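A quick write-up on the structure given underneath.
The values are calculated or read from the model by the stated rules, or taken from the named source; none is laboratory data. Please read these numbers as outputs of a predicted model, since none were measured by experiment. Neighbour counts run over all protein chains shown; Cβ positions are idealised from the backbone, glycine included.
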Amino acid sequence: MSLQCISPVDGRVYAERSAASSAQIELALARARVAQRAWHQVPLGERGAIIERFCSEFERHGEQIASELSWQMGRPARFAASEVRGTLERARYMRQIAAVALADLDPEPKPGFRRFIRREPLGVVFSVAAWNYPYLIAVNSVVPALLAGNAVLLKHSAQTPLCAERFAECLTAAGLPPDVFQVLHLTHSDTERVIRDARVDFVAFTGSVAGGRAVQRVAAERFIGVGLELGGCDPVYVRHDADLKHAVENIVDGAYFNSGQSCCGLQRIYVHESIYERFTQDCIELIREYRLGDPLDPDTTLGPVVRTSAADTIRAQLRAAIDAGARPAFEEREFPRSKPGTPYLAPQLLIDAPPGSSVMREEIFGPVAGLMKVRGDDEAVAQMNDSAFGLTAAVWTRDEAAAVALGERVETGTWFMNRCDYLDPALAWVGVKDSGRGCTLSRVGYEHLTRPKSFHLRVST
């Protein structure tokens with residue numbers, strides 16, 4: 001079976017790969033199992049040195065990687081290099097903390113005994129990555145899994161197959177032993193087959209809620225761990241004491257960067273009634289400055305969504321929200337490149353969006369956000385929590401104590417004050433409710449890619 005990457009830039013087949021055969025899948029699993037046993041014995045310092053050389057290789061090929069990214073998923077060229085920088089930041093941080101995160105845990109001394117807990121690798125980690133941030137998503141599991149002594153099989157989206165291959169090329173050039181990291185181009189049914197295989201010990205999946213449920217169902221047949229980073233309909237609250245200019249700039253970028261195709265992109269905007277009108281007008285003026293066009297054009301600031309069918313779905317969600325009473329701030333003709341039947345889609349801000357409308361309830365994976373007026377903190381918290389999702393949430397305020405108090409009440413994996421849409425590798429990346437389970441990044445992320453093994457030794461006195 002052929003897997004095609006149809007470029008949203010011009011609709012042509014940009015890359016095509018054959019799905020792995022049954023024999024290729026079997027060979028990859030067998031080799032990964034053998035390779036992991038040897039890799040586990042490689043000292044952590046040597047593993048870390050390989051990851052640092054990987055980073056150097058990745059950085060050296062950064063211009064090519066960024067260009068391919070624009071072609072595969074449509075991100076404007078002027079922003080594509082940021083993914084290279086972010087990937088390096090996360091990889092290097094996870095290398096930096098590996099020795100501490102993977103160190104033995106020693107309880108208090110006990111006469112006549114030596115006791116410690118060792119973090120051992122799980123074995124073979126199967127990473128299933130999404131297309132919207134193809135390197136940033138994959139690096140979250142790939143690099144710490146390797147550093148922890150696991151072997152990794154990476155299945156990337158058919159939309160971004162070259163990203164998986166660039167990982168493999170850079171790791172090979174860095175001196176990673178053969179078969180410790182392998183790429184598999186897979187169909188959905190073969191992805192399920194790999195999850196069912198007894199040689200796979202952990203699944204790291206990033207994708208839709210429906211995809212996460214499918215992975216969970218299959219994995220539940222076995223006693224293995226699963227990490228799920230799923231969807232979002234992330235809320236923000238602009239408090240009465242916010243720095244309005246800063247809030248507008250941050251929130252517009254957080255909602256429309258990457259054409260809104262981000263799990264942690266902002267979608268629900270709650271604004272205190274005292275500044276609602278000013279905030280709304282300033283947002284409209286700033287969004288109007290976006291230039292929708294060919295992502296290879298250096299002047300383009302808003303690219304297409306990933307495919308025409310995605311644009312069609314987003315348009316249907318927009319119509320549903322408008323039918324429910326939301327008021328669109330823009331007409332599509334204000335952005336001439338936006339046309340039905342193409343992946344080019346104008347940004348939209350839906351004003352006075354009703355709480356039950358699609359923009360305030362569903363994940364709209366596109367350049368769309370909804371605005372709602374609130375009377376104060378309690379109403380904002382109630383509206384923010386009224387969602388099936390819980391990946392990130394944010395508040396804009398000058399009052400740090402109030403921000404912390406609000407964050408303690410909001411059901412979310414990450415709580416921001418005066419910023420948004422960012423993964424700090426020193427902090428745990430985690431979702432609640434339908435946004436997922438498990439954790440990546442930070443020291444805590446290593447706990448999900450290892451298993452504790454207790455040593456209880458009676459010693460001679």
Selected residue [on the phi < 0 side of the Ramachandran plot, assigned to a loop (DSSP other than H, G, I, E, B), out of contact with any Cys (no Cβ under 7 Å at 6 or more places or on another chain) and surrounded by fewer than 23 Cβ atoms within 10 Å (Cβ to Cβ)] from Ala66, Ala103, Ala99: Ala103
Of these, Ala151, Ala168, Ala145, which one is in contact (Cβ under 8 Å) with a residue 12 or more places away in the chain, surrounded by fewer than 18 Cβ atoms within 10 Å (Cβ to Cβ) and in contact with a strand residue (DSSP E or B) (Cβ under 7 Å, 6 or more places away or on another chain)? Ala168
Condition set in a loop (DSSP other than H, G, I, E, B) and out of contact with any helix residue (DSSP H, G or I) (no Cβ under 6 Å at 6 or more places or on another chain), scope the stretch 124-147, selection nearest to Ala35 (Cα to Cα): answer is Tyr133
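May I ask you to verify whether Glu89 is in a helix (DSSP H, G or I) and more than 25 Å from Val34 (Cα to Cα)? It would help to see each step written out before you state the result.
Values: in a helix (DSSP H, G or I): yes; more than 25 Å from Val34 (Cα to Cα): yes.
So Glu89 fits the description; yes.
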Out of Trp429, Trp415, sole residue that is within 25 Å of Ile97 (Cβ to Cβ), outside the structural domain of Arg114 (by TED's automatic domain parsing), touching an Asp or Glu at 6+ places or on another chain (Cβ under 8 Å) and in contact (Cβ under 8 Å) with a residue 12 or more places away in the chain: Trp429
Being under 12 Å from Tyr270 (Cβ atoms), among the aliphatic types (A, V, I, L, M) and more than 21 Å from the chain's Cα centre (by Cα) is the filter here; which residues of the stretch 396-417 pass it? Leu406
Filter the stretch 335-390 for residues that are among the aliphatic types (A, V, I, L, M), surrounded by fewer than 18 Cβ atoms within 10 Å (Cβ to Cβ) and free of Cβ contacts under 8 Å to residues at least 40 places away in the same chain and give the result. Ala382
Would you mention how many residues in the stretch 332-374 are of a type in the set (Asp, Glu), at pLDDT 95 or above and more than 23 Å from the chain's Cα centre (by Cα)? 2
